Each structure stands twice: as structure tokens, then as C-alpha cells.
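The values are calculated or read from the model by the stated rules, or taken from the named source; none is laboratory data. Computed from a predicted structure; not experimentally measured. Glycine gets a Cβ as well: all are built from the backbone with ideal geometry, and neighbour counts include every protein chain shown. To get the accessible areas, we keep the full protein, side chains included, count just its heavy atoms, and leave off ligands, DNA and RNA. Shrake-Rupley method; radii C 1.70, N 1.55, O 1.52, S 1.80 Å.
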Amino acid sequence: MNIFSKSKWIWASSSLNRDDYAEFIFNHFALNGNFTFRIACDSVYALFLNNELVKFMECSDFPSDKFVDEFNLKLLNNQNNNFRLIVWHYGVD
């Protein structure tokens, strides 16, 4: 199965520019404390969970070779968990 088959492209604006940043904030109410996070991005991302830095990573992204970072997170049970994702798009081939 293609890992991108149920994926959704998101960005802060309708077009990409060089040296462009985007910030995404979302909440997840956890009944179970386990959460699998997957991200594919062009350049660099930083992920915060409940105001704590969880992970940051540089990603390669080529038409023939897409990289997906996948890892498990432990969430706060029976509470809203706040995610903040900052992505940098380098934008130069």
C-alpha cells in the first residue's frame, strides 16, 4: 500500500516560495496515550507536543525518492494534547 494514498497536502499559502516557513497547530484528545505521527516535508521540521520539543529533523524530498518520518508519541490520556508543527521549505533544487 502506498503510504501517501490517504495523505493530504497542507501548506500555509496556496503557493510555495523559497525560504518559506509554515506553522500548523492542532489538538488531539487522547483516550489512549499512543499516537503514530508521520510527516513528509521538503526541508526541515520541528514538532512540539504540549509546548515541549519532541523532534526536529531535516528531510530529503525528491520526486523519485520521498522520505516519511514515522515515530510513536506518548500522549496525555483523557486530555487535549496540543501539537505545534513548524516546517521550513528551502525551495531550491
Notebook entry, point to check: Roughly how much of Tyr21 is accessible, in Å² to the nearest 10, using a 1.4 Å probe?
Noted result: 140 Å²
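Test of understanding: what is the full-extension gain from Lys74 to Arg18, defined as 0.36 nm times their sequence separation minus their Cα-Cα distance?
Net length gain for the segment: 16.7 nm.
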Item checked: Heavy-atom accessible surface of the chain: percent carbon and sulfur, 1.4 Å -> 50 percent
Notebook entry, point to check: Taking Rh as the Kirkwood radius computed over C-alpha pairs, what is the Stokes-Einstein D of the chain at 4 °C in a medium of viscosity 1.567 mPa s, expressed in µm² per second?
Noted result: 90 µm²/s
Next item on the list: Would you rank Glu70, Glu58 by solvent-accessible area, highest first, keeping every protein chain in place and using a 1.4 Å probe?
Entry: Glu58, Glu70
Next item on the list: Report the trypsin sites (Lys or Arg not before Pro) located in the chain that are in a DSSP loop and have at most 14 other Cβ atoms inside 10 Å of their Cβ, or state none.
Entry: Lys6, Lys8, Arg18
Notebook entry, point to check: Can you give the charge dipole size of the chain about its Cα centre, rounded to the nearest 20 debye, using +1 on the beta carbon of Lys and Arg and -1 on the beta carbon of Asp and Glu?
Noted result: 440 debye
Margin query: Please compute the per residue accessible area over the chain with all protein chains in place, 1.4 Å probe, rounded to a whole number of Å².
Written below: 73 Å²
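Going from most exposed to least, what order do Ile10, Ile86, Ile25, Ile39 have by accessible area with a 1.4 Å probe?
Sorted descending by solvent-accessible area, the residues read Ile25, Ile10, Ile86, Ile39.
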Checklist line | Accessible area (Å², 1.4 Å probe, nearest 10) - Cys41 | finding: 10 Å²
Notebook entry, point to check: Lys/Arg Cβ at +1, Asp/Glu Cβ at -1, dipole of the chain taken about the Cα centre: which of Leu75, Leu31, Asn17 is farthest positive-ward?
Noted result: Leu31
